[in-house]
Each structure stands twice: as C-alpha cells, then as structure tokens.
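**Student:** Shown below is the structure under consideration.
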Amino acid sequence: MPYLSYVERRGERRGLSLLLRTQLEQRFAPLPAALIERLEQADAEQLLRWGTRLNDAGSLDEVFADGDGQPPSTPEQPRH
C-alpha cells in the first residue's frame, strides 16, 4: 500500500464518512446525532466495515453491531 500523508488519510476518512452517512440516511431516514458523531470519529477501516454491512443490513443495529452489546442509535434499553 502506498504511503499516505496525514492530510490524505484525513481526506479519505472524511470522504468515507460522508458517503456512508448519505447512504445510511437514504436507507434508514435521518440519523440520530450520536450516530453521526460516531461516524465522524471512526477511522477508515471501521467505516469500510460498516459500509460493507450496509448492503445486507435490515437495521442500523445490524450495520453498527461491533460485538459490544450496545445498539448504536439509542441508549441501552432495560432488559426484561
């Protein structure tokens, strides 16, 4: 893989974030602010993983499931 400068990596990450956000909003309607912040903070590898899941996902939770037990778009819900 060729060397990428900090500016190039930052631009790549911002572009991936914007593309994924646009696709998510088209498919799942407006995104919660917490999820938008999560997209903006993610690195390029994470954005690519989420983007890959988008095609088969039926919900935002399926896109962002990272094995942490927490849904991405809402605070933890009480379990009954």
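The values are calculated or read from the model by the stated rules, or taken from the named source; none is laboratory data. Note that the structure is a prediction, hence the values are computed from the model and not measured. Cβ sites come from the backbone with ideal geometry, for glycine too, and all protein chains shown count toward neighbours. Accessible surface is based on the protein model in full, side chains and every heavy atom, while ligands, DNA and RNA are left aside. Shrake-Rupley method; radii C 1.70, N 1.55, O 1.52, S 1.80 Å.
**Student:** Being touching a residue at least 40 places away in the same chain (Cβ under 8 Å) and within 15 Å of Thr52 (Cα to Cα) is the filter here, so list the residues in segment 14-34 that pass it.
**Tutor:** So in segment 14-34, the residues touching a residue at least 40 places away in the same chain (Cβ under 8 Å) come out as 31-32.
Scanning segment 14-34 gives no hits.
**Student:** Which residue is modelled with the lowest pLDDT, if the candidates are limited to segment 1-34 and must be out of contact with any Leu (no Cβ under 7 Å at 6 or more places or on another chain) and part of a loop (DSSP other than H, G, I, E, B)?
**Tutor:** By that ranking, first place goes to Met1.
**Student:** Test each condition in (1) modelled with pLDDT under 95; (2) open to solvent by less than 60 Å² (accessible area, probe 1.4 Å); (3) under 28 Å from Val7 (Cβ atoms) for Trp50 and report the one that comes out false.
**Tutor:** Tallying (1) modelled with pLDDT under 95; (2) open to solvent by less than 60 Å² (accessible area, probe 1.4 Å); (3) under 28 Å from Val7 (Cβ atoms), Trp50 fails exactly one: (1).
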